[in-house]
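Visitor: So that we are looking at the same thing, I have put the structure below in structure tokens.
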């Protein structure tokens, strides 16, 4: 299956050889940022006595600019907002993942292993990382926040690049409602939960949209609060006016646990952890929730259900009593159907309560027949807290739900209206 349209001018063999020759002849000159590439290329064409029209000249110049200043042909794919993932496998057609379509082949490929390695190293240059025979795997981030994973032989049969793209502007709550990831009533409940200083864990499988949902929830944080985020790979788009962003640096021995502990001295109102994976990271985040610092912490975690997430955390050596630091678990899943390549839905919203033991209380559960989240009959401890200590009545879920069903401009006004509850 081919993409119907792809904004890539594919050069002929003769044109590719011409570009390669130009790059080699002017290897040193083209590194100068002040050089006039157009003039230099025209002089080169005249010198080798080749005729071409203006359109061909413009197309070849565009390719040369991407080779010198960008990431070669991948630039065209990285720029496309409808592409979520880019897969480069040495010798194969480059494949892309579109949200509503799934995986598709493009009309371009990379057959040169050294070229793939060169692009990967160029992408990770600012991070001082290199893909080599001694270091055959790499994880890095592009300047636009996209995530890069690269492997080469001997740990893979072929050189491979995988680029996961992230929207420059995160999905708003309204957009998640529109694409049926969640309904307005459940989102209104989460709005109150965030505002009520709740510790929230967003769980799900790889690619299920955990980070997307977390990003959306961050829009509910009042502007007068101080937000500190901690990530190993920067993926969160936080537009809050008072944000401190911390990034793990393994090369310098600075772990996520170190940074979580540092937040104890930074007077945060909200601590956001991009993703907790290892026992050390989970323990550090749980310690943060138990310390009672700030006004609620949020994190993402791998787990297909609330119970599975709790069992996984316990298996990491976290005492059952410490799980009481988690107030709410949101579970998101991803699956395919015949009519849709990619479904991402919130499946569960459960409160974690502690009596003599950990008790999972479902508040919203997904109904596949109606394709929506349904409110259970369970009593919500979070809503009870919001009523007693913040003056937020249960009836306000309906009010906020109506706001969320309107345009984003109406939602912004609603945020201002409801931000007085503190």
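Every number here is computed from the coordinates shown, using simple stated rules; none is lab data. The structure presented is a predicted model; accordingly, all values stated were derived computationally and were not measured. Note that we place each Cβ from the backbone using ideal geometry, even for glycine, and neighbour counts take in every protein chain shown.
Visitor: Using the Kirkwood radius built from alpha carbon pairs, what does the Stokes-Einstein equation give as D for region 173-418 at 4 °C and 1.567 mPa s, in µm² per second?
Guide: Working: Rh = 18.3 Å.
For these conditions, the coefficient is 71 µm²/s.
Visitor: Below 8 Å between Cα atoms, with a sequence gap of 6+, how large is the relative contact order for region 173-418 in percent?
Guide: Values: 461 pairs, mean separation 57.5, N = 246.
Relative contact order for region 173-418 comes out at 23 percent.
Visitor: Report relative contact order for the chain in percent, whole number only (criteria: Cα-Cα under 8 Å, sequence separation at least 6).
Guide: Details: 724 pairs, mean separation 52.8, N = 422.
The normalised contact order for the chain reaches 12 percent.
Visitor: Here's something else I'd like to know. When only Cα pairs under 8 Å and 6 or more residues apart are kept, what is the percent relative contact order across region 25-138? Working shown, then result.
Guide: On the way: 96 pairs, mean separation 14.7, N = 114.
It rounds to 13 percent for region 25-138.
Visitor: Compute the projected area of the convex hull of the Cα atoms of the chain, averaged over all viewing directions, and report it in nm² to one decimal place.
Guide: Numbers: hull surface 97.9 nm².
So the mean shadow area of the Cα hull is 24.5 nm².
Visitor: Now a separate question. Highest mean first, how do 315-324, 74-83, 263-272 rank when packing is the count of other Cβ atoms within 10 Å averaged over residues? Don't jump to the answer; show the numbers that get you there.
Guide: Working: 315-324: 14.3, 74-83: 16.5, 263-272: 18.7.
Highest mean packing first, the order is 263-272, 74-83, 315-324.
Visitor: Roughly speaking, what is the stretch gain from residue 113 to residue 369, that is 0.36 nm per residue apart minus the C-alpha to C-alpha distance, in nm to one decimal?
Guide: Stretched fully, the residue 113-residue 369 segment lengthens by 87.3 nm.
Visitor: A further question on this structure: Taking N as the number of residues in region 293-406, what is its Cα Rg relative to 2.2 N^0.38 Å? Before the final figure, lay out each step's value.
Guide: On the way: Rg = 16.1 Å, N = 114, 2.2 N^0.38 = 13.3 Å.
It is 1.21.
Visitor: Related question: I'd like to know how region 241-312 sits against the 2.2 N^0.38 Å rule of thumb: what's its Cα Rg over that expected value?
Guide: Details: Rg = 12.6 Å, N = 72, 2.2 N^0.38 = 11.2 Å.
For region 241-312, the normalised Cα radius of gyration is 1.13.
Visitor: Which order do the peptides 125-131, 343-349 come out in when sorted by mean C-beta neighbours inside 10 angstrom, highest first? Write down the numbers at each step before the final one.
Guide: Working: 125-131: 13.9, 343-349: 22.0.
The peptides rank, most packed first, as 343-349, 125-131.
Visitor: If you don't mind, another one. Hey, what angle do you get for helix 306-315 against the long axis of the chain, alpha-carbon based, 0 to 90 degrees rounded to 10?
Guide: Taking the Cα atoms of the chain, the angle to 306-315 is about 80 degrees.
Visitor: Please determine, in degrees from 0 to 90 and to the nearest 10, the orientation of helix 113-123 with respect to the longest principal axis defined by the Cα atoms of the chain, where the helix direction is its Cα long axis.
Guide: 50 degrees
Visitor: Rg over Rh of region 192-299, using C-alpha atoms and the Kirkwood radius, what does it come to?
Guide: Details: Rg = 12.8 Å, Rh = 13.8 Å.
Answer for region 192-299: 0.92.
Visitor: Based on the mean of other beta carbon atoms within 10 Å per residue, what is the order of 185-191, 351-357, most packed first? Walk me through the numbers before you get to the answer.
Guide: Working: 185-191: 24.4, 351-357: 13.1.
Ranking, from highest mean packing down: 185-191, 351-357.
Visitor: On a 0 to 90° scale, report how tilted helix 279-291 is relative to the longest principal axis of the chain, with both axes built from alpha carbons and the result rounded to the nearest 10.
Guide: Helix 279-291 and the main axis of the chain meet at about 40 degrees.
Visitor: Determine the calculated [θ] at 222 nm for the chain from helices alone, applying -39500 (n - 2.57) to every DSSP H run no shorter than 4 residues and normalising by the residue count; nearest 500 deg cm²/dmol.
Guide: On the way: 14 runs with 143 residues, N = 422.
It lands at -10000 deg cm²/dmol.
Visitor: Work out, step by step, the length gained on full extension between residue 59 and residue 121: first 0.36 nm times the residue separation, then minus their alpha carbon distance; give nm to one decimal.
Guide: On the way: separation 62, 0.36 × 62 = 22.32 nm, distance 2.56 nm.
Value of the extension gain: 19.8 nm.
Visitor: In vacuum, with every alpha carbon of region 13-164 counted as one equal point scatterer, what does the Debye formula give for log10 I(q)/I(0) at q = 0.14, 0.16, 0.21 Å⁻¹? Two decimals, please.
Guide: Values returned for q = 0.14, 0.16, 0.21 Å⁻¹ are -0.78, -0.98, -1.35.
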